[in-house]
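**Student:** Encoded as structure tokens, here's the structure I'll be asking about.
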Amino acid sequence: MSTFQELGVCEDLLRGIADMGFETPMPVQEKVIPVLLNGDHDLVALAQTGTGKTAAFGLPVIQRVDVTKHVPQALILAPTRELCLQIAGDLADFSKYIPDLVVLPVYGGSSIESQIRALKKGVQIIVATPGRLIDLINRGTVKLDDVNTVVLDEADEMLNMGFVDSINDILSHVPDDRKMLMFSATMPAEVAKISKRFMKNPEEIVVGTRNEGAKNVRHIYYMVNARDKYLALKRIADNNPNIYAIIFCRTRRDTQEIADRLIQDGYNADALHGDLSQQQRDIVMKKFRDRVITLLVATDVAARGLDVDDLTHVINYGLPEDTAVYTHRSGRTGRAGKTGVSIAIIHSREKGKLREIERIIGKKFERKEVPTPEHIIEKQLYNLADRLERVEVNEEEINRYLPGVLKKLSWLTTEDLLKRVLSLEFNRLLNYYKDAPNIDFIDEKPHKERKERDSKPRSDKEKDRRTAERGMARIYINLGKGDGFYAGNLIDMLNKNVNGARVDVGRIDLMPAYSLFDVKKSDAQRVVSALKGLEFFGKRVFSEIASPDRDYAATSGRKAKGRAKK
């Protein structure tokens, strides 16, 4: 298999796509990139959405641009505003390390004056819907004399929407010696006519087959300690701002508990399991289909017959007992030619089951690191920028109020104003992820190191347990599993008794007579004060910031024996 470097992709683009997690080229990229970079003929590619098309044409299109010239050099036509914006956004991500490159999405339903202003400043790549581009051409605002590459994405869809005359008109304005690429899921007669009229000896390639399901699904796993599964789930959700997913749990109890925690943490979530009445299930499903909720936590039985085509993710909160069940779960995403992602959040003891599933489905899982706070915040910021870019402005109504608002904010620079807009949206997220620890399970330790660790004396192991993760403080509480005290009880106790901002709990170690848990350093004293003097089923609670040098096992053991004698 080739690498992107071997395909001829330049260093700046290699850095950009590496940041996005691109590792090896997909089949359509292997076939298209060399032709667009080095070939002397045009290309017709029959491929579905989700096969990697955007990078296939986007990388060579960017690489062929001369950034010293501020004129349109590449034109990409797409049938819809949504696809237009998606392509432009992807190209901006690819070209992260090419600061002088300007990509402009041009589409109807947005201010044409704004687009004209951007064109006058100078752009090198235009991503456009045909109707708006024709309008700009007729106004004399767009000049396509320097275009060296034309891409028609989803050509059959454009023809279905009645754009055939517009496409013919647009293509008559570009130079004859430009390189042309046309993507289409099918090859109807009109697409063949455009190919014959405007393309020179086009090579035809076919990638995949129509409406593939399983082949459109990426399989990813994250490995964490069992106690960190919920934290990993939240980070995955935060790292995918437009997530629309089913989260599968094994039991009804887990399903309800995870859904309740997500709702409490501010996510649009709900549960679907056998304990709900049919009416309750219908209500939940209507909310999910209407996207009032975007995270549905479900058991396999409750989710049978669930028909939702546009899921972005299926998340396995642990792997199913029956490995065949995984195939049914993952098949709920990546439907109708769309791409999907099937994620498994596992702990180290589930690796064997993961390998068995790989054997059954004939695909390898990619191991990914749990998204870091920095990556999540960056992703959320770009998503906000995208929302700001897409928002529909009612010019007539907003102009009535604009002068007063502009006067009030006139003392702020553009940068100051942007910082305030971002802070309104992101202060909660920034505070939540401040000093948040890494939660990946590191299992690639050398055998010798593991042997030394496992042979540690009990006192050394105990000391490790008393040491907090980086950026966190370790809290001792005199309640353990022998008291019927578990993680859910701890979370409930903190939520009910700690005033102010919600406390985020990290690693939890539950012992028979006591427990240790991590909170952010800034929250430690607040937590200890809130727990002081509480009772848990008749037992008075004692808590303190844990000392790495104190043997809590011995202390708690003596107290437990003392209570037993009484």
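The values are calculated or read from the model by the stated rules, or taken from the named source; none is laboratory data. Treat the numbers as computed from the prediction; the structure is a model and nothing was measured. Every residue, glycine as well, gets a Cβ built from its backbone with ideal geometry; the counts of neighbours run over all protein chains shown. All accessible areas refer to the heavy atoms of the entire protein, side chains included, with ligands and DNA or RNA removed. Shrake-Rupley method; radii C 1.70, N 1.55, O 1.52, S 1.80 Å.
**Student:** Testing M285 on (1) at pLDDT 90 or above; (2) crowded, with 18+ Cβ neighbours inside 10 Å; (3) not in a loop (DSSP other than H, G, I, E, B), one condition comes back false. Which one is that?
**Tutor:** Status for M285: all satisfied but (1).
**Student:** Given the condition open to solvent by less than 80 Å² (accessible area, probe 1.4 Å) and at pLDDT 85 or above, answer yes or no: does some residue in region 415-437 qualify?
**Tutor:** yes
**Student:** So which residues in region 4-59 are small (G, A, S) and farther than 18 Å from S184 by Cα?
**Tutor:** G8, G16, A18, G21, G39
**Student:** Can you give me the number of residues within region 1-24 that are without any contact (Cβ under 8 Å) to a residue 40 or more places away in the chain and among the aliphatic types (A, V, I, L, M)?
**Tutor:** 4
**Student:** Open to solvent by 10 Å² or more (accessible area, probe 1.4 Å), farther than 20 Å from V292 by Cα, within 12 Å of the chain's Cα centre (by Cα) and in contact (Cβ under 8 Å) with a residue 60 or more places away in the chain: does that describe R250?
**Tutor:** On the way: open to solvent by 10 Å² or more (accessible area, probe 1.4 Å): yes; farther than 20 Å from V292 by Cα: yes; within 12 Å of the chain's Cα centre (by Cα): no; in contact (Cβ under 8 Å) with a residue 60 or more places away in the chain: yes.
No: the conditions fail for R250.
**Student:** A follow-up question, please. Out of curiosity, is I125 open to solvent by less than 40 Å² (accessible area, probe 1.4 Å), over 34 Å from the mean Cα position of the chain (by Cα) and modelled with pLDDT of 90 or more? Even if it seems obvious, please write down each step before you answer.
**Tutor:** Working: open to solvent by less than 40 Å² (accessible area, probe 1.4 Å): yes; over 34 Å from the mean Cα position of the chain (by Cα): no; modelled with pLDDT of 90 or more: yes.
No: the conditions fail for I125.
**Student:** Looking only at region 1-41, filter to residues that are hydroxyl-bearing (S, T, Y) and open to solvent by 40 Å² or more (accessible area, probe 1.4 Å); which one of those is modelled with the lowest pLDDT? Full working, then the answer.
**Tutor:** Taking region 1-41 and keeping what is hydroxyl-bearing (S, T, Y), we get 2-3, 24.
Those left that are additionally open to solvent by 40 Å² or more (accessible area, probe 1.4 Å): 3, 24.
Working: T3: 88, T24: 84.
So the residue we want is T24.
**Student:** Could you list all residues from region 88-114 that are of a type outside the set (D, E), under 29 Å from the mean Cα position of the chain (by Cα) and in a helix (DSSP H, G or I)?
**Tutor:** A88, G89, L91, A92, F94
**Student:** Among the residues of region 469-483, what is the count of those that are open to solvent by less than 10 Å² (accessible area, probe 1.4 Å) and basic (K, R)?
**Tutor:** Residues in region 469-483 being open to solvent by less than 10 Å² (accessible area, probe 1.4 Å) and basic (K, R): 1 in total.
**Student:** Looking only at residues in region 189-217 that are at pLDDT 75 or above and assigned to a loop (DSSP other than H, G, I, E, B), which one is surrounded by the fewest Cβ atoms within 10 Å (Cβ to Cβ)? I'd like the intermediate steps shown before the answer.
**Tutor:** Applying the first criterion (at pLDDT 75 or above) to region 189-217 yields 192-206, 217.
Checking which are assigned to a loop (DSSP other than H, G, I, E, B) leaves us with 199-202.
Working: M199: 20, K200: 12, N201: 7, P202: 17.
Only one residue tops the list, namely N201.
**Student:** Something else now. Only one of (1) modelled with pLDDT under 80; (2) assigned to a loop (DSSP other than H, G, I, E, B) fails for V325. Which number is that?
**Tutor:** Among (1) modelled with pLDDT under 80; (2) assigned to a loop (DSSP other than H, G, I, E, B), V325 violates only (2).
**Student:** Please find, among D146, D176, the residue that is part of a loop (DSSP other than H, G, I, E, B), over 23 Å from A189 (Cα atoms) and open to solvent by 40 Å² or more (accessible area, probe 1.4 Å).
**Tutor:** Of the residues listed, the single one that is part of a loop (DSSP other than H, G, I, E, B), over 23 Å from A189 (Cα atoms) and open to solvent by 40 Å² or more (accessible area, probe 1.4 Å) is D146.
**Student:** Contact list please: Cβ distance under 6 Å, first residue in region 350-363 and closer than 10 Å to T323 by Cα and part of a helix (DSSP H, G or I), second residue open to solvent by 40 Å² or more (accessible area, probe 1.4 Å) and of a type in the set (K, R), pairs at least six apart or on different chains.
**Tutor:** Every condition considered, the pairs that remain are E358/K364.
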